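Just below is one structure, and these are the notes that go with it.
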Amino acid sequence: MRFKLFSLVSLSLLLGACALSPQQVTINPTLEPSKSNIGEGRTLYLEVVDNRGKEAIGSRGGLYKDTSLITPANDLADAILAASTRKFREMGFVVQTMPLASADIRIVVDTLSYRDPEKSSVGFEVELESLLRVEATQNGDSYTGRYQVKNTKTYATVPGRDRNEEMINETLSAALQRLFSDPKLLAFTLR
């Protein structure tokens, strides 16, 4: 009888350990400080659109993948808009709240994903991806660009919320940094 009870308790603990709880991560991309004032007071209208098909960034995996989701704790588009506005202002641009400025810039989030941690020979492997697109218009001309970053990280155990938040923000920040480092986009805004 004791053995059955012990086995039942052990089995329930084992199954519970395979279940991972959902997580909410705060989206807070960071960008390198600007080294120049190239905007020189030119006006921009800036918009960010979240074009992803679902709210979840990904799943933590485990026994119940469909419920161990990672979702943003704040609005993804608003977080990117705030970081981008600060960056453009650091670069000397005046960011307006209405379209038809010197240049209108739309940043589109096509992908922000976290692939389930899979057990590998050295630990758990996580794949992250961020894909941003920019659509800029000015005086009847247009410019489009794509900025993609893929990262693979390996950990001894399944990453916790803080580490997942850090990895997601690193990947998103790297894609956003590529956007701001695009010489063709910068040249387009300075026409």
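Data for the structure
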| quantity | calculated |
| --- | --- |
| Spin-label pair K54/T144, simplified geometry with 7 Å Cα→Cβ offset, distance in nm | 2.6 nm |
| R133, R146, reordered so the largest accessible area comes first (probe 1.4 Å) | R146, R133 |
| Residue order for M91, M98 - accessible surface, 1.4 angstrom probe, largest first | M98, M91 |
| Cβ-derived FRET efficiency at R0 45 Å, N37 paired with A156, nearest 0.05 | 0.50 |
| The chain: Cα Rg divided by the 2.2 N^0.38 Å rule of thumb | 1.31 |
| Whole-number accessible area per residue in Å² for region 61-115, which is evaluated in the context of all protein chains at 1.4 Å | 48 Å² |
| Accessible area of the chain belonging to carbon and sulfur atoms, whole % at 1.4 Å probe | 54 percent |
| Förster-model FRET efficiency, 35 Å R0, N28 and L100, C-beta, rounded to 0.05 | 0.70 |
| Check: the chain dipole with +1 on Lys, Arg Cβ and -1 on Asp, Glu Cβ, in debye | 440 debye |
| In Å², nearest 10: area of D66 left accessible to a 1.4 Å probe | 130 Å² |
| Greater than 27 Å apart at Cα, pairs in K35/K184; K65/K150; K65/K87 | K65/K87 |
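The values are calculated or read from the model by the stated rules, or taken from the named source; none is laboratory data. The model shown is predicted, which means the values in this text are computed figures rather than measured ones. So basically every Cβ, Gly included, is an ideal-geometry build from the backbone, and we count neighbours across all protein chains shown. Areas reflect the complete protein model, heavy atoms only, side chains present, ligands, DNA and RNA absent. Shrake-Rupley method; radii C 1.70, N 1.55, O 1.52, S 1.80 Å.
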